[in-house]
Amino acid sequence: MGRYQRACGLRHGEACFRLAEMHRDGVGVKKSEGQEHVYYANACNAGYAEGCERANVGKVLKEGVNQLTKGVESLQNISF
């Protein structure tokens, strides 16, 4: 993992992407959704297209969950 971290720190997009997958799957590291998204974003910023795709999917899903939660909270406040 150390090589991937060094390479990602040098803006090597594929290394950042591989680190994201390691954190997603818990391979060699503890599973961490937060770190997964950070490394996908780093991969994207380094020009690695698949990192952009994964970073955007995570962002869209998070926004969708937030909107759904707000909708449910609004429904709970309606009195019949």
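The table for this structure:
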| item | result |
| --- | --- |
| On Cα atoms only, tilt of 49-76 relative to the major axis of the chain in degrees | 20 |
| Cα-based helix-to-principal-axis angle, 13-25 vs the chain, degrees rounded to 10 | 50 |
| Environment charge of TYR4, counting only residues whose C-beta is closer than 11 Å and scoring Lys/Arg +1, Asp/Glu -1 | +1 |
| Lys/Arg +1, Asp/Glu -1 at C-beta; the range 2-76 dipole; positive extreme among GLN67, ASN42, VAL57 | ASN42 |
| Summed side-chain charge close to GLU21 - residues other than GLU21 whose Cβ falls under 12 Å, Lys, Arg +1, Asp, Glu -1 | 0 |
| For the chain: relative contact order, % (alpha-carbon pairs under 8 angstrom, 6 or more apart) | 22 |
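A short reminder: the numbers here are calculations on the coordinates, not readings from a lab. Computed from a prediction, not measured in an experiment: that's the story for all the values here. Please note: Cβ atoms are built from the backbone with ideal geometry, for glycine as well, and neighbour counts cover all protein chains shown.
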